1. Of all residues in the range 119-159, which are hydrophobic (A, V, I, L, M, F, W, C), touching a Phe, Trp or Tyr at 6+ places or on another chain (Cβ under 9 Å) and surrounded by 16 or more Cβ atoms within 10 Å (Cβ to Cβ)?
2. Output yes when any residue across the range 156-163 is touching a helix residue (DSSP H, G or I) at 6+ places or on another chain (Cβ under 8 Å) and either among the charged types (D, E, K, R) or not assigned by TED's automatic domain parsing to the domain that holds G82 (or both), and no when none is.
3. Could you say whether any residue in the range 104-114 is surrounded by 16 or more Cβ atoms within 10 Å (Cβ to Cβ), of a type in the set (G, A, S) and within 18 Å of the chain's Cα centre (by Cα)?
4. Taking the criterion of being without any contact (Cβ under 8 Å) to a residue 24 or more places away in the chain and aromatic (F, W, Y), would at least one residue in the range 143-155 satisfy it?
Amino acid sequence: MGTRKQGVILVGHGGIPKDCPQDLVTRLKRLEAQRRATKQPPSAEELELDMKIRRWPRTPSTDPYQSGLQAVATRLQPQLNGVLFGLAYNEFCAPTLEEAVEHLVEQGATEITVATTMFTPGGSHSEIEIPDILEHLRPKHPGVALRYAWPFDLELVANTLAEQIRRFSTTASHSDR
């Protein structure tokens, strides 16, 4: 068996660009709700609207969420020992998780670990959508191990939050932040 090539995808929620027309988002959400209620596949119109919003031009001022996730990725990537790396978004922003997986597979990844910035249990993106997407992709890429780094160790999440709180507590600093 050949050498395994590692990849990591960081998945964030995704945000709506501030300059994207609200009627596009309203129409997309209405179509999504209708589809879920009738348990039908997405219509051509829904897919087109989804892509139009995801591909909307963005800047740090029009989509601060995207630039925020990119800033996290910039700090995370050097800690991952040179693995192939990609970003993905659950909604409103590109690339999709499917696109990010395809991109890493094209680069030769044979093992891909997917992690999300959504830490808390109970979210539909983290607990339902991401696992469903990976399950759908596995048969398309039988030679690729697709892993999902979920659920988070809640003790580690609590420790990170406690450290953040300490950084901003009045006993840690005399300045107001």
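1. F119, I130, L134, F152
2. No, the conditions are met nowhere in the range 156-163.
3. Here is the first cut: in the range 104-114, the residues surrounded by 16 or more Cβ atoms within 10 Å (Cβ to Cβ) are 104-105, 109-114.
This time we only want the ones that are of a type in the set (G, A, S), so: 109.
From what's left, within 18 Å of the chain's Cα centre (by Cα): none.
No - not one qualifying residue is present in the range 104-114.
4. For the range 143-155, residues without any contact (Cβ under 8 Å) to a residue 24 or more places away in the chain and aromatic (F, W, Y): absent.
For (1) more than 14 Å from the chain's Cα centre (by Cα); (2) of a type outside the set (V, I, T); (3) under 27 Å from P57 (Cβ atoms), each residue gets a yes or a no:
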| residue | (1), (2), (3) |
| --- | --- |
| A71 | no, yes, yes |
| R75 | yes, yes, yes |
| N81 | yes, yes, no |
| F85 | no, yes, yes |
| F92 | no, yes, yes |
| L97 | no, yes, yes |
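The values are calculated or read from the model by the stated rules, or taken from the named source; none is laboratory data. This one's a predicted model, so the numbers in the text were calculated from it and none came from an experiment. In this analysis, Cβ positions are derived from the backbone assuming ideal geometry, glycine residues included, and neighbour counts consider all displayed protein chains.
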